[in-house]
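The values are calculated or read from the model by the stated rules, or taken from the named source; none is laboratory data. Everything numeric here is computed off the predicted structure, so don't read it as measured data. When we count neighbours, we look across all protein chains shown, and the Cβ atoms used for this are built from the backbone with ideal geometry, even at glycine. Accessible surface is based on the protein model in full, side chains and every heavy atom, while ligands, DNA and RNA are left aside. Shrake-Rupley method; radii C 1.70, N 1.55, O 1.52, S 1.80 Å.
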Amino acid sequence: MIEEKLREYDDARITTAIEASDHLDTVRSHLAQLLGPPGPSSFTLTFAGHERHTGDAPTSFVVNAMNLDDAARILAGLPTWHEWYLADAAPDGQGADIIYLPEQSHPGLPTRGEYVDLRSEQEPAAPAATGSTRTAHARPTVPAASSPPHPAPASLAARTSQ
């Protein structure tokens, strides 16, 4: 009789060990996600173009990025940004009259007003292959009297309808 109970006991012990192993694997997976590197989040970058001369509000753009410098780099590569920039450019070839507003650029979404959400235009973020990041000159720092570097025109194939 004791041998029958021993077999049941061993079966129960094995079943419990398997269930515990599955549970621990789930806990380990959740902990790895929590303790791993943070993923990209939303950042707002605000610029004042020619509309500032008529008293209109500046334009805010929202992208997903790791920090504000990364957001500026990503924004500069998006077709909608290029279209907006080129629409502000003077016909005499002087470039666009755009000022970056760092006091209105921040992590997260704008709390009021309208904004251009470019997160759907971004390519899915690929994990960085190296641990080094180069963000020293990525943020647009445009003095009030000058224009930012002129971006390459957006390709007709890359345009998206808003």
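Things to note:
- Restricting attention to segment 86-103, the residues that are in contact with a Lys or Arg (Cβ under 9 Å, 6 or more places away or on another chain) and free of Cβ contacts under 8 Å to residues at least 40 places away in the same chain add up to 1.
- In segment 86-101, residue modelled with the lowest pLDDT [restricted to those that are open to solvent by less than 70 Å² (accessible area, probe 1.4 Å) and part of a helix (DSSP H, G or I)]: Asp88
- Selection count where residues are of a type in the set (S, T, N, Q) and assigned to a helix (DSSP H, G or I), scope segment 50-85: 2
Residue-wise test of (1) in contact with a strand residue (DSSP E or B) (Cβ under 8 Å, 6 or more places away or on another chain); (2) closer than 27 Å to Pro40 by Cβ.
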site	(1), (2)
Gly77	no, yes
Thr80	yes, yes
Asp88	yes, no
Asp92	no, no
Gly95	yes, no
Ile99	yes, yes
Leu109	yes, yes
Tyr115	yes, yes
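Every residue, every condition in (1) in contact with a helix residue (DSSP H, G or I) (Cβ under 6 Å, 6 or more places away or on another chain); (2) surrounded by 10 or more Cβ atoms within 10 Å (Cβ to Cβ); (3) of a type in the set (S, T, N, Q), yes or no:
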| site | (1), (2), (3) |
| --- | --- |
| Glu3 | no, no, no |
| Leu24 | no, yes, no |
| Phe47 | no, yes, no |
| Thr59 | no, yes, yes |
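- Among the candidates Ala96, Ala90, the residue that is touching a Leu at 6+ places or on another chain (Cβ under 9 Å) and over 14 Å from Ala57 (Cα atoms) is uniquely Ala96.
- Which listed residue, of Glu8, Glu51, Glu83, is out of contact with any helix residue (DSSP H, G or I) (no Cβ under 7 Å at 6 or more places or on another chain), open to solvent by 50 Å² or more (accessible area, probe 1.4 Å) and free of Cβ contacts under 8 Å to residues at least 60 places away in the same chain: Glu8
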